[in-house]
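Rule-based calculations on the coordinates, nothing more; no lab input. Only a predicted model underlies this, so the values are computations on that prediction, with no experimental measurement involved. Virtual Cβ from ideal backbone geometry, glycine too; neighbours counted across all protein chains shown.
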Amino acid sequence: MFTLFLGTGCRVGEIVGLRWEDCDFKQRIININHTLIYRLQDDGRVEYHITTPKTEAGIREIPMMDEVYDALIQLKNWQVLVGDAHDEIDDYSGFILTNRFGNVCNPHTINRVIERMYKGYNKQETEQARAEGRQPMLIRHFSVHNLRHTFCTRFCENETNLKVIQDIMGHADITTTMNIYAEATKEKKQEAMANLNGKIKIM
């Protein structure tokens with residue numbers, strides 16, 4: 001699951017709503033064309049529903065990185081063992097990410113899992129740092145959306161074509177892409193200049 005988030009930059013609803021038929025393993029392409037949402041209804045119940053992207057930019061194709069391809073194959077093999085997804089939501093079925101009961105993953109549950117992970121690490125690191133007489137190296141609060149931002153930042157550091165970045169991220173407004181790109185390249189420039197320290201004879 002984390003490989004899919006960090007290897008595609010997709011939104012959480014796009015990942016949990018991903019189906020096997022959205023993946024072209026021959027061309028290694030993921031087709032993003034819908035989102036799975038978990039929404040409060042008028043009668044007080046909370047239900048899953050499928051929505052289409054709000055803008056045309058949300059409908060896009062994302063090439064599979066090798067790690068993403070491998071992760072999807074592992075998930076496919078796992079479903080062969082435990083059974084396919086049971087859920088059918090608004091005539092959509094064949095979901096890729098399921099829990100141990102064969103149901104689609106709840107976006108809120110994913111964030112709770114992330115929270116348990118970093119809180120568990122922070123507790124262990126705090127105890128170990130105290131025993132070793134040093135400052136602990138703690139993980140700050142983050143959510144699944146931060147994984148999308150991490151992907152986008154790393155992508156911006158390695159890609160100069162803003163249109164390509166915008167298309168992969170599904171940004172409707174190029175300004176969003178440009179802001180993240182500017183932030184990422186600023187850090188890269190600072191790092192590059194820091195690496196020059198002592199390597200250029202100025203005086």
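So here's what we get for this one:
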| item | result |
| --- | --- |
| Cleavage-rule hits, GluC sites (Glu not before Pro), the stretch 77-171, DSSP coil, Cβ neighbours within 10 Å at most 16 | E88, E159 |
| 13 Å beta-carbon shell around K189, net charge (K/R +1, D/E -1) | -2 |
| Filtered trypsin sites (Lys or Arg not before Pro), the stretch 21-52: DSSP coil and at most 10 other beta carbons within 10 Å | K26, R45 |
| The stretch 1-141: equivalent-ellipsoid semi-axes (sqrt of 5 x gyration tensor eigenvalues, Cα, Å) | 31, 20, 16 |
| C-alpha long axis of helix 174-196 to longest principal axis of the chain, angle in ° | 30 degrees |
| Zone of E67's modelled label, taken as backbone nitrogen in the stretch 126-168 under 16 Å from a point 7 Å along Cα→Cβ | 146-159 |
| Rounded to the nearest 20 debye, dipole of the chain from Cβ charges on Lys, Arg, Asp, Glu | 1080 debye |
| Other-chain or far-sequence residues with amide H under 5 Å of F95's (modelled H) | A85 |
| Gain in span if fully extended, F142 to F2, counting 0.36 nm per residue against the direct Cα distance | 49.1 nm |
| Cα-centred dipole magnitude for the stretch 59-122, charges only on beta-carbon of K, R (+1) and D, E (-1), debye, nearest 20 | 440 debye |
| Net lengthening on full extension, R130/M117 (0.36 nm per residue, minus Cα-Cα) | 2.7 nm |
| Net charge of Cβ neighbours under 14 Å - reference I62; Lys, Arg +1; Asp, Glu -1 | -4 |
| Relative contact order for the stretch 85-194, counting Cα pairs under 8 Å that sit 6 or more residues apart, in percent | 15 percent |
| Backbone N within the stretch 64-88 under 13 Å of label point (7 Å from F101 Cα along the Cβ vector) | 86-87 |
| Hits among aspartates and glutamates - C-alpha to C-alpha of K123 under 19 Å, sequence gap 8 or more where chains match | E115, E132 |
| For the stretch 65-203, projected area of the alpha-carbon convex hull averaged over all directions, nm² | 14.7 nm² |
| Pair Q74, A192: separation of 7 Å Cα→Cβ label points (nm) | 3.5 nm |
| Set K76/K186; K26/K163; K163/K189; K163/K186 screened for pairs whose C-alpha atoms are more than 29 Å apart | K76/K186 |
| Distance between the stretch 2-75 and the stretch 128-193 - C-alpha centres, whole angstrom | 21 Å |
| Max mean-square fluctuation residue, GNM over the chain, Cα-Cα springs under 10 Å, options F95, F155, F25 | F25 |
| Charged-residue dipole, Cβ positions (Lys, Arg, Asp, Glu), the stretch 84-181 about Cα centre, Debye nearest 20 | 680 debye |
| Low-density loop cleavage sites - trypsin sites (Lys or Arg not before Pro) in the stretch 67-171, where at most 15 other Cβ are within 10 Å (DSSP) | R100, R134, R140 |
| Cα-only radius of gyration and Dmax that characterise the stretch 27-92, units Å | 15.3, 45 |
